[in-house]
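Undergrad: Would you mind keeping the following structure in view while I ask a few things?
The values are calculated or read from the model by the stated rules, or taken from the named source; none is laboratory data. Quick caveat, the model's predicted, so the values are computed rather than measured. We place every Cβ from the backbone using ideal geometry, glycine too, and count neighbours over all the protein chains shown.
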Amino acid sequence: MNRQTLKAAAYYFFVVFGTGFVLGIVRALWILPRMGPRISELLEMPIMFVVIVWAARWVAQRFPSANHLSIGFVALGFLLLAEFAFAWQLRHLTPVEYITRRDPFAGTVYALLLGVFALLPARIADRREA
């Protein structure tokens with residue numbers, strides 16, 4: 001993997017994770033107590049989808065010669081490491097506990113969104129080249 005791909009993956013990760021971190025605070029403090037875990041997580045996901053699309057477009061445009069499939073999967077690795085580290089530090093949950101304690105429906109939608117996050121930079125780059 002070249003330096004440009006790693007740099008692009010880091011940018012992609014930081015934009016999406018940073019946004020998710022801020023939204024997670026808002027969700028935990030104000031939405032979760034009023035609406036519960038499922039609804040609060042599901043309300044956050046369309047916003048995260050828009051952020052992922054925007055960030056993937058930005059990365060594809062800014063790093064046109066990078067390996068965009070690698071960008072998505074390296075950024076996904078960064079994202080999962082960060083999520084598991086925060087789950088361990090803040091809630092003392094192992095990765096398995098973090099995954100199994102999620103709401104089944106919201107967790108499934110979240111997993112699909114992770115797939116979109118990983119694949120979208122390559123999809124957008126392919127469309128730009130066509």
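Undergrad: Going through 34, 62, 38 one at a time, which residue ends up being out of contact with any Leu (no Cβ under 8 Å at 6 or more places or on another chain) and closer than 25 Å to residue 123 by Cα?
TA: 62
Undergrad: What are the residues in region 117-130 that are of a type in the set (A, V, I, L, M, F, W, C) and either touching a Gly at 6+ places or on another chain (Cβ under 9 Å) or more than 21 Å from residue 77 (Cβ to Cβ) (or both), if any?
TA: 117, 118, 119, 120, 122, 130, listed by residue number.
Undergrad: With the condition kept exactly as written, say whether any residue in region 47-55 is surrounded by 14 or more Cβ atoms within 10 Å (Cβ to Cβ), within 14 Å of residue 10 (Cβ to Cβ) and modelled with pLDDT of 95 or more.
TA: Yes; the residues of region 47-55 include at least one that is surrounded by 14 or more Cβ atoms within 10 Å (Cβ to Cβ), within 14 Å of residue 10 (Cβ to Cβ) and modelled with pLDDT of 95 or more.
Undergrad: Is it true that some residue in region 58-76 is free of Cβ contacts under 8 Å to residues at least 40 places away in the same chain, hydrophobic (A, V, I, L, M, F, W, C) and under 14 Å from residue 17 (Cα atoms)?
TA: no
Undergrad: If a residue has to be in contact (Cβ under 8 Å) with a residue 60 or more places away in the chain and not in a helix (DSSP H, G or I) to count, how many in region 103-130 make the cut?
TA: The number of residues fulfilling the criteria is 1.
Undergrad: Out of 66, 60, 55, report the one residue that is small (Gly, Ala, Ser), part of a helix (DSSP H, G or I) and over 14 Å from the mean Cα position of the chain (by Cα).
TA: Checking each option against the conditions leaves just 60.
Undergrad: Still on this structure, please answer the following. Could you list, in sequence order, all residues of region 12-30 that are crowded, with 17+ Cβ neighbours inside 10 Å and farther than 19 Å from residue 87 by Cβ?
TA: Of everything in region 12-30, those that are crowded, with 17+ Cβ neighbours inside 10 Å and farther than 19 Å from residue 87 by Cβ turn out to be 12, 15.
Undergrad: If you take the residues of region 82-96 that are surrounded by 13 or more Cβ atoms within 10 Å (Cβ to Cβ) and in a helix (DSSP H, G or I), which of them is farthest from the chain's Cα centre (by Cα)?
TA: 88
Undergrad: Related question: In this structure, does residue 122 turn out to be of a type in the set (Gly, Ala, Ser), in contact with a helix residue (DSSP H, G or I) (Cβ under 6 Å, 6 or more places away or on another chain), more than 24 Å from residue 36 (Cβ to Cβ) and modelled with pLDDT of 95 or more?
TA: The answer is yes for residue 122.
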